[in-house]
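Each remark here refers to the structure printed beneath this line.
The values are calculated or read from the model by the stated rules, or taken from the named source; none is laboratory data. It should be emphasised that the depicted structure is a prediction, and the values quoted were computed from it without experimental measurement. Neighbour counts run over all protein chains shown; Cβ positions are idealised from the backbone, glycine included.
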Amino acid sequence: MSQGRQLTFNIFRYDPQEPNDKPKMVRYQLTETPGMTVFIALNKLREEQDTSLQFDFVCRAGICGSCAMVINGFPTLACRTLTAKYPKGEITLMPLPGFELIGDLSVNTGKFMRELAERLKLWLHPKSNDISIHRLEEPMAPEEAARLYELERCVECGVCVSACATKQMRDTFVGAVGMMKIARFELDSRDARSAEDFYHVIGNQDGVFGCMTLLGCQDNCPKDLPHMQQIAYLRRKMAMTLV
Amino acid sequence: MKLIYTDSLVVGAGLAGLRVAIASKERGLDTLVLSLIPAKRSHSAAAQGGMQASLGNAVKGMGDDEDVHFQDTVKGSDWGCDQEVARMFAHCAPKAVRELANWGVPWTRVTAGPRDVIVNAQKVTLQEAEEAHGLINARDFGGTKKWRTCYTADGTGHSLLYAMDNKAISMDIPVHERVEALALIHDGKRCHGVIARCLITGELRAYVAKSTTIATGGYGRIYEVSTNAIICEGIGQALALETGVATLGNMEAVQFHPTAIVPVGILTTEGCRGDGGLLRDKDGYRFMPDYEPEKKELASRDVVSRRMTEHMRKGKGVDSPYGPHLWLDITLLGRKHIETNLREVQEICENFLGIDPAKDWIPVRPTQHYSMGGIRTKATGESPQLKGLFSVGEAACWDMHGFNRLGGNSLAETVVGGMIIGKYVADFCENNSLEIDTKLAESFMHKVKAEIDSLINGDGSENPFEIKHQMQRIMMDYVGIFRNGPELDKAVTELKALLERSRNLSIKCKKRHANPELVEALRVKRMLKVALTVACGAAARTESRGAHAREDYPQRNDRDWLNRTLASWPDANSLEPVLSYEPLDVMKMELPPGYRGYGIDNAIVHPDTAKREQQIAEILASLGEDADRYQRQAALMPFDLPPSLQAKNERLSDTLKPAANTRGEQS
């Protein structure tokens with residue numbers, strides 16, 4: 001195998017729990033190997049150069065949504081970002097904005113998502129609670145099941161939130177992730193809630209009427225979810241409840 | 001000392017852990033879940049293909065029922081499983097699928113009328129029944145007689161985990177995220193909770209509970225290349241081992257999945273082959289029919305993995321900088337199918353390989369995938385040695401998988417096992433009061449604190465990352481798909497040397513709070529003990545069964561080895577576990593050991609097998625012609641379940657034939 005090129009990583013470093021620590025960018029050099037991803041690179045840097053470096057990975061396969069960070073200006077999943085994608089070999093890593101910083105590249109997206117789920121009640125509210133699990137299941141139109149799955153593919157990585165200008169200005173904005181999940185339950189024929197019920201949680205400036213349609217969510221979503229289509233759909237639906 | 005009290009404590013927030021927590025909370029118990037990460041990021045999310053349950057809605061699933069699912073599972077386990085548990089499981093799997101539908105899972109549904117599928121490289125048109133329209137669909141998976149694997153495209157684990165966690169959130173079940181359990185609080189007889197460390201602040205806490213359920217998943221990351229998430233490091237098993245009392249079961253039973261991508265080991269689902277994908281060698285030749293003419297690519301995972309390895313050893317692998325590999329060809333499924341039913345696979349191919357699986361073949365090789373072994377439990381999920389300690393899911397050896405797990409049975413085990421064991425956990429909490437011995441909790445707290453102090457202040461010289469890499473390499477090289485005595489002995493010797501070295505670890509980062517190096521050091525010592533139970537168990541087991549394939553002992557030896565390996569670690573200073581064996585009683589089996597259906601039948605028979613077969617024939621004859629399948633089953637091998645799960649499962653075939661309806665009592 002031929003000797004790989006030298007990569008330069010500029011990494012945001014800050015430990016909010018260290019009283020005297022200040023945010024800074026630190027440069028690291030690393031030899032690229034074939035098929036290297038940012039996941040592989042960060043682990044090598046931690047093992048060989050700085051064991052205190054904080055970052056989050058779980059599945060390392062683009063499935064769990066743990067490792068979103070800002071890479072050369074764009075929020076994305078680090079596990080499936082190949083270093084070969086950057087011809088100059090310069091890679092700048094920053095933590096996702098809009099979330100509590102744990103340290104360096106690690107942010108607390110889990111806490112955010114759980115609070116959002118509690119606030120917007122992001123679970124199925126079944127029409128009936130006494131469906132027997134021993135009997136034949138209720139049929140569902142195959143097309144509906146497929147459409148639900150399409151909207152359910154969100155991995156709660158936080159990219160849409162960090163790429164959203166409204167969210168940067170208004171902390172209470174629910175972001176594309178919140179609206180995508182509402183849209184998912186709105187579409188579900190098993191859910192008992194009406195458009196009016198959803199209006200109470202997202203029919204305001206923190207929800208559908210706060211979106212400025214700058215498309216940051218849709219452009220960066222690693223799962224290519226149709227955020228704008230859903231926000232537009234919900235907005236129309238919410239506006240209709242006022243008529 | 002910070003002390004947090006709850007009734008039902010669950011360690012691990014994947015599908016199994018959350019399902020147990022829900023069962024506890026449903027009974028009004030105070031319930032608390034600990035997790036290394038946010039619940040929705042658990043490794044359960046990575047399960048792509050689906051979950052087995054004998055619903056029998058799809059035309060290729062017609063005629064399926066608990067009996068067929070049970071038989072497939074027992075054969076799949078190579079007769080290593082606990083048949084009563086396999087029965088409990090097969091009976092409740094349809095209930096779990098239907099319950100999840102009620103909780104929001106958008107299961108892929110049957111569309112009435114014709115549909116084209118690929119079976120054995122041929123296009124076949126299936127005709128789905130009108131009556132099945134809109135019911136839950138199923139796909140084909142390896143080692144099953146019927147199409148039984150329920151799915152949502154290829155994101156089944158994701159859909160299930162999200163529905164499960166949403167349910168838990170709706171019930172207000174707290175999950176303490178970014179918290180790692182480091183020791184079980186116990187007095188040698190009863191478990192009282194855990195000592196855990198907050199991964200953000202470094203705070204040590206004692207969580208004291210009536211019941212403690214370990215649901216931390218498998219131990220795949222003791223291997224160098226694994227399909228597992230990087231958090232699947234076997235710490236749950238290690239915690240049980242470190243009590244010195246609780247036993248682990250069948251730790252040497254480690255499954256390799258045939259089709260992980262090369263080099264990174266990310267999984268492409270068995271659904272690829274289930275939906276009609278083929279394996280090809282360096283010449284583009286489809287080799288599986290030569291080895292397994294009947295099941296071909298859809299033989300059991302252990303069988304396909306070994307056949308692939310054999311074929312590569314013959315020089316038929318494709319050379320690459322990472323060693324030889326084979327090809328997975330799903331191009332024949334067509335772009336439309338791939339873009340709807342195998343989209344995760346498509347994304348993985350695009351992002352990690354830069355290929356289009358609708359046009360290009362995928363480089364694959366067998367890779368560590370699943371841990372059949374785990375914390376040994378009774379059928380109720382409780383440790384036989386340590387009262388109040390439960391385990392469920394991949395963390396446990398419950399034991400429905402024996403020496404090989406069928407695809408689609410792990411996702412099923414998480415929710416079905418959680419459903420059943422959750423009820424037993426709740427029973428336990430209702431029938432037992434809390435014993436808070438703060439002195440006992442403190443002593444464990446001090447032990448963990450001392451361990452951390454010595455890592456931070458000590459003058460050790462060993463690098464935790466290096467020790468871990470060496471362990472992973474040893475496991476990969478000597479405790480892999482094919483095993484033999486000399487290599488296993490080498491593995492044991494080298495792992496013992498590493499364990500000794502791990503007592504002298506040194507860390508450079510001295511922070512007490514968020515400190516990834518400290519986390520690594522705390523884990524690697526525990527992982528080494530788990531690795532040793534795997535290697536020692538494999539070295540001792542001189543036969544081949546399921547995923548445990550000994551080149552020097554190629555026969556399945558029911559005469560001497562129809563048993564379960566138990567491992568404990570009574571002496572903390574020892575460098576190896578103590579092994580003992582728990583026999584499987586042929587005279588109690590519903591399905592006595594027989595031919596599994598792959599290769600030549602070379603098993604050494606158990607002396608009781610013929611006796612039991614004779615007895616079964618007599619029991620069935622005495623029941624007469626009128627006995628239905630439930631009565632026959634009950635006469636052969638009664639099994640217990642919580643009352644609310646005992647009802648029979650209704651199927652489409654019951655409603656299609658109202659005259660012959662054997663629906664039974666329904667609640």
Per the list (1) under 23 Å from the mean Cα position of the chain (by Cα); (2) buried (at least 17 other Cβ atoms within 10 Å of the Cβ), residue check on B:K145 breaks on (2)
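Any residue that is part of a loop (DSSP other than H, G, I, E, B), at positive phi, within 14 Å of another protein chain (Cβ to nearest Cβ) and surrounded by fewer than 23 Cβ atoms within 10 Å (Cβ to Cβ) - is there at least one of those in the stretch B:314-321?
Scanning the stretch B:314-321 turns up no residue that is part of a loop (DSSP other than H, G, I, E, B), at positive phi, within 14 Å of another protein chain (Cβ to nearest Cβ) and surrounded by fewer than 23 Cβ atoms within 10 Å (Cβ to Cβ).
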Determine whether the stretch B:599-615 contains at least one residue that is touching a residue at least 24 places away in the same chain (Cβ under 8 Å), hydrophobic (A, V, I, L, M, F, W, C) and either within 14 Å of chain A (Cβ to nearest Cβ) or within 29 Å of B:G417 (Cα to Cα) (or both). no
Every residue in the stretch A:118-143 that is outside any loop (DSSP other than H, G, I, E, B) and either surrounded by 20 or more Cβ atoms within 10 Å (Cβ to Cβ) or more than 8 Å from chain B (Cβ to nearest Cβ) (or both), please. A:R119, A:L120, A:E143
Please work out which residue is surrounded by the fewest Cβ atoms within 10 Å (Cβ to Cβ), limiting yourself to the stretch A:144-166 and to residues that are more than 14 Å from chain B (Cβ to nearest Cβ) and under 13 Å from the mean Cα position of the chain (by Cα). A:S162
Based on this model, can you work out whether B:G56 counts as more than 9 Å from every other protein chain (Cβ to nearest Cβ) and under 28 Å from B:I230 (Cα atoms)? no
Quick one: which of B:V11, B:V59 is modelled with pLDDT of 95 or more, hydrophobic (A, V, I, L, M, F, W, C) and within 29 Å of B:N431 (Cβ to Cβ)? B:V11
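Quick grid of which residues meet (1) more than 17 Å from B:A183 (Cα to Cα); (2) of a type in the set (A, V, I, L, M); (3) surrounded by fewer than 24 Cβ atoms within 10 Å (Cβ to Cβ):
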| site | (1), (2), (3) |
| --- | --- |
| B:G381 | yes, no, no |
| B:W398 | yes, no, no |
| B:R405 | yes, no, no |
| B:L411 | yes, yes, no |
| B:N431 | yes, no, yes |
Would you check which residues across the stretch B:18-48 are away from chain A (no Cβ under 14 Å) and assigned to a loop (DSSP other than H, G, I, E, B) and list them? B:R27, B:G28, B:L29, B:D30
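Only one of B:V97, B:V68, B:V85, B:V74 is surrounded by fewer than 22 Cβ atoms within 10 Å (Cβ to Cβ) and part of a helix (DSSP H, G or I); which?
On inspection, the qualifying residue turns out to be B:V68.
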Against the conditions (1) without any contact (Cβ under 8 Å) to a residue 40 or more places away in the chain; (2) buried (at least 24 other Cβ atoms within 10 Å of the Cβ), where does B:H446 fall short? Just the number, please. (2)
Looking only at the stretch B:10-17, decide whether some residue is closer than 19 Å to B:T216 by Cβ and within 12 Å of chain A (Cβ to nearest Cβ). yes
Take the conditions over 25 Å from A:E100 (Cα atoms), touching a helix residue (DSSP H, G or I) at 6+ places or on another chain (Cβ under 8 Å) and in a helix (DSSP H, G or I) and apply them to A:A176. Does it pass? no
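Residue by residue, here is whether (1) among the polar types (S, T, N, Q); (2) at negative phi holds:
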| site | (1), (2) |
| --- | --- |
| A:T51 | yes, yes |
| A:T83 | yes, yes |
| A:G89 | no, no |
| A:L93 | no, yes |
| A:P97 | no, yes |
| A:L105 | no, yes |
| A:R119 | no, yes |
| A:S128 | yes, yes |
Among the residues of the stretch B:459-474, count how many are of a type outside the set (F, W, Y) and part of a helix (DSSP H, G or I). 10
For the stretch B:275-304, what are the residues that are farther than 23 Å from B:H548 by Cα and of a type in the set (D, E)? B:D275, B:D281, B:D283
Can you report the number of residues in the stretch A:87-103 which are more than 15 Å from the chain's Cα centre (by Cα), touching a residue at least 24 places away in the same chain (Cβ under 8 Å) and surrounded by fewer than 17 Cβ atoms within 10 Å (Cβ to Cβ)? 3
Please indicate, with yes or no, whether at least one residue in the stretch B:113-132 is within 14 Å of chain A (Cβ to nearest Cβ), assigned to a loop (DSSP other than H, G, I, E, B) and surrounded by fewer than 24 Cβ atoms within 10 Å (Cβ to Cβ). yes
Residues that are more than 8 Å from chain A (Cβ to nearest Cβ) and polar (S, T, N, Q), drawn from the stretch B:156-182: B:T156
The correct count of residues that are assigned to a loop (DSSP other than H, G, I, E, B) and in contact (Cβ under 8 Å) with a residue 24 or more places away in the chain in the stretch B:216-231 is 11
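Going residue by residue through the stretch B:620-631, is there one that turns out to be aromatic (F, W, Y) and under 30 Å from B:E224 (Cβ atoms)?
There is no residue in the stretch B:620-631 that is aromatic (F, W, Y) and under 30 Å from B:E224 (Cβ atoms).
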Can you name the residue in the stretch A:152-173 that is in contact with a Phe, Trp or Tyr (Cβ under 8 Å, 6 or more places away or on another chain) and assigned to a helix (DSSP H, G or I) and, of all such residues, is farthest from A:F57 (Cα to Cα)? A:T166
Boolean, B:A514 is surrounded by 20 or more Cβ atoms within 10 Å (Cβ to Cβ) and part of a loop (DSSP other than H, G, I, E, B): yes
Is at least one residue of the stretch B:91-105 more than 18 Å from B:A412 (Cβ to Cβ) and touching a His at 6+ places or on another chain (Cβ under 9 Å)? no
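Which strands (runs of 3 or more DSSP E) sit wholly inside the stretch B:353-406 and have at least 1 residues that are among the aromatic types (F, W, Y) and touching a helix residue (DSSP H, G or I) at 6+ places or on another chain (Cβ under 7 Å)? Spell out the reasoning first.
Details: elements: B:362-371, B:374-376, B:389-391.
Ranges flagged: B:362-371, B:389-391.
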Complete set of residues in the stretch A:40-62 that are over 12 Å from B:F465 (Cβ atoms), within 7 Å of chain B (Cβ to nearest Cβ) and among the charged types (D, E, K, R): A:R60
